[in-house]
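Every number here is computed from the coordinates shown, using simple stated rules; none is lab data. None of these values were measured; they are calculated from a predicted model. FYI the Cβ positions are ideal-geometry reconstructions off the backbone, even for glycines, and counts take in every protein chain you see.
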Amino acid sequence: MKTHAVRRHAVGIIAILVSAVIFLVPFAFLLLTSFKNVQDASFLDFSWPKQQFVFWENVVAVFQTNDYMLITAFINSAILTVASVTLVVIFSAMIGWVVARRASRWNGVVSMLVLAGLIVPPAIVPTVWVLQSLGLFKTLPGLVLIEVAFGMSFSILLFRAFVSTIPRELDEAALIDGAGPLRLFFQVGFPLLRSVIVTVIVVQSVTVFNDFANPLYFLPGAENATVQLTLFNFQSQYQTSWNLLFTDILLITIPPLIMYIFFNRQIVAGLTAGAVKG
Amino acid sequence: MTTLSQAMRLKSGLASRRSRRSAGSAYPYWFFLPGAVIFSVLFLIPTFASFYFAFTRWDFFTIQFIGWDNFVMFFKDPQLMRGFTNTLIYGVLTSGLKVVLGLALAVLLTSNITARGYLRAVIFFPVLVSTIGVGITFRALLDPFHGLVNKTLAGFGITGPGWLTDPNLALYSIIGVDVWKGVGLATLIYMAGIVAIPRDYYEAASIDGATGWKNFWSITVPLVAPATTTVIILSLIGGLRSFDLIWATTRGGPGFASDVIASVIYKQYQAGYYGLSTAGNVILFVVVTAIVLPLFLWFNRKQTDL
């Protein structure tokens, strides 16, 4: 029994050490470099700043770059994330709700389209072409709709699975009281879906906030970039200033980090859905 | 008696018909409409259109049908062809490594070792960091001269290679970073699968004298098959379409050594070859569908058999 406990702790300690080297060192390196000045950072050493501790100066410098572009980018990313996630939640919940409640020939079609949405890579240039003919290319509303279109499949899957676990009796009680379909959905359905809605919101907002390819394709140009695009643009501008580059990475990692700290359980629930049932 | 039962049947028939009608109007089809419009316009139409534009020389203003020329060019040009083979290597290796490492880590993290919560958080956190951020960080860590990795190797007297600058190595280095970033998700999925296995199986096996290794192969591996399916399919879909990480680390370089189809699509789009870029999209579509769809259907069938 005792040797068992010793072995258990030994394995644990080895795991902690190995994980620290593999997973924590890169983050520590990121943090340490963001404390340094340009010259100090250029050595890429894993060390405490040798010359000056200039973290705040770096933060200010990053914000000031290109006329406070990062602030515009944060605002753009916030609008993009909030708008697209709101629409994804409402529209996919409506679809998941009807598909799970009403057996019809449409269900097969919906399943097939959801599968296509998950697997098929979006066709870049034809999408640009469609956006352009709608006058939505290089606009934030256009990008919002793109994120909605690409994010719905996954959300519909979660909603459909969840709605089918809610007993119908509640619906029927509301129907007897004379509720219409919209009232039924928003006043009875929506509150019951709360836990899965939180999951979709958290997973989807981290995805949209971290998205790089879609803003790169559909919202090009420096003036209304998202935070991931500014990071990418800074990369060529700060070629020699690793300290500023890493400070920028740190700043734009804060929102997902907050999400992770507060909604750890919902993220895990959303991402592992389907692992047990397949 | 008969009339009573007839009346009852009639009544129940009426009730069921009424409830069916009310069920219909309570869950109307127009609920599909907003989502369906956005999905059709921005996903379905471009996807169908790509099958036409792939056969054209196209710059938004003029369009000329040129048959299979774009595809011929894609497979004849060694650089574009390299992108094709790299995509397959990338998809298969990342998903294979995520299965093996994810399962190993999940077994470790569901056993009762110390500091499970810490380990889980640490392994999962990179999943949430932006891919561009991860790419830039690893460009610094893997720098051939100053990078932490090669400096550490030098401490042991080993001359580290140019991880991202050696044409034979760049793609595999990026695959390594991809696994570093994504293994946390595979681990979580496997943990959910392992936790769902009833303890009785292990107890019965231990009565029969099975040891840890035997347990792993005869109980854990077969019973986490649904999790394996999820991990393989998710990482194949992500890996075959991968763009962000490659773009942030090497932009497909050095030369074209680490190009994949997705980066070729972007490069051709930037260069103004819209038809060729769209042909790349169609090829990617065929590759992803041809690999993922049969797997998906096969695993689904297998599961309904069980």
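Some points to look at:
- Dmax and Rg, reported as Rg then Dmax, of chain B (C-alpha, Å): 26.5, 99
- Peptide A:166-172 has a mean shielding of 1, counted as Cβ atoms of other protein chains within 10 Å of each residue's Cβ.
- For segment A:115-136 and segment A:5-25, distance of Cα centres in Å: 46 Å
- Ratio of Rg to Rh for segment A:90-152: 1.06 [Cα atoms; Kirkwood radius as inverse mean 1/r over pairs].
- Ranked B:264, A:85, criterion: other C-beta atoms within 10 Å, fewest first: A:85, B:264
- Around the Cα centre of segment B:69-305, unit charges on the Cβ atoms of Lys, Arg, Asp and Glu (plus for the first two, minus for the last two) sum to a dipole of about 200 debye.
- Label zone (residue A:31, point 7 Å along Cα-to-C-beta; backbone nitrogen cut-off 12 Å) within segment B:122-153: none.
- Segment B:69-305, relative contact order [Cα under 8 Å, separation at least 6], %: 30 percent
- Residue-wise HN-Hα coupling along segment B:30-44, computed from phi with Karplus coefficients 6.51, -1.76, 1.60 (Hz; x: Gly, Pro): 5, 4, 6, 4, x, x, 5, 5, 4, 5, 5, 5, 9, 10, 5
- Exposure proxy ranking, count of Cβ atoms within 10 Å, fewest first, for B:191, B:81: B:81, B:191
- Cβ neighbours within 10 Å from other chains - mean over B:222-229: 2
- Mean Kyte hydropathy of 1.6 or more with a Cα span along the axis of at least 18 Å, helices from DSSP in chain B: B:225-240
- Extension gain (nm, one decimal) between residue A:170 and residue A:66, 0.36 nm per residue minus Cα-Cα: 31.9 nm
- When each of A:50/B:151; A:36/B:151; B:181/B:267 is checked by Cα-Cα distance, pairs over 22 Å: B:181/B:267
- Helix A:227-237 vs. chain A, principal-axis angle (Cα, 0 to 90°, nearest 10): 30 degrees
- Computed on the Cα atoms alone, the convex hull of segment A:52-170 gives a volume of 188 cubic angstrom per residue.
- Those aspartates and glutamates that a straight Cα-Cα span of less than 12 Å connects to residue B:98, excepting residues fewer than 8 apart in one chain: B:178
- Legend: mean number of C-beta atoms from other chains within 10 angstrom of residue C-beta atoms, peptide A:7-19, equals 4.
- The angle separating the long axis of helix A:140-163 from the principal Cα axis of greatest extent in chain A is about 60 degrees.
- Order by protection proxy (mean Cβ within 10 Å, highest first), peptides A:119-131, A:252-264, B:251-263, A:6-18: A:119-131, B:251-263, A:252-264, A:6-18
- Residue exposure proxy: A:138, B:267, B:98, B:76, ordered by other Cβ atoms within 10 angstrom of their Cβ from fewest to most, comes out as B:76, A:138, B:267, B:98.
- Dipole of segment B:107-203, positive end: most advanced residue of B:186, B:202, B:121 [Cβ charges, Cα centre]: B:121
- Charge tally for residue B:43 (other residues, Cβ to Cβ under 15 Å; Lys, Arg +1; Asp, Glu -1): 0.
- Kirkwood Rh, angstrom, chain A [1 / mean 1/r, Cα pairs]: 22.0 Å
- As a ratio to 2.2 N^0.38 Å, the alpha-carbon radius of gyration for segment B:176-289 is 1.56.
- Summing Lys and Arg as +1 and Asp and Glu as -1 over all other residues whose Cβ lies under 15 Å from the Cβ of residue B:68 gives a net charge of 0.
- Degrees, to the nearest 10: A:242-272 long Cα axis against longest axis of chain A: 30 degrees
- Size of the protein assembly as shown: Rg and Dmax of its alpha carbons, in Å, are 26.3, 100.
- With θ taken as phi - 60° and the Karplus curve 6.51 cos²θ - 1.76 cosθ + 1.60 applied, the whole-hertz 3J(HN,Hα) list for segment A:219-224 is 9, x, x, 7, 6, 10 Hz, x standing for glycine and proline.
- Note on segment B:145-234: the C-alpha convex hull projects to 8.9 nm² when averaged across all orientations.
- Dipole of the protein assembly as shown [Lys/Arg +1, Asp/Glu -1 at C-beta], most positive-end residue of A:252, A:199, A:26: A:199
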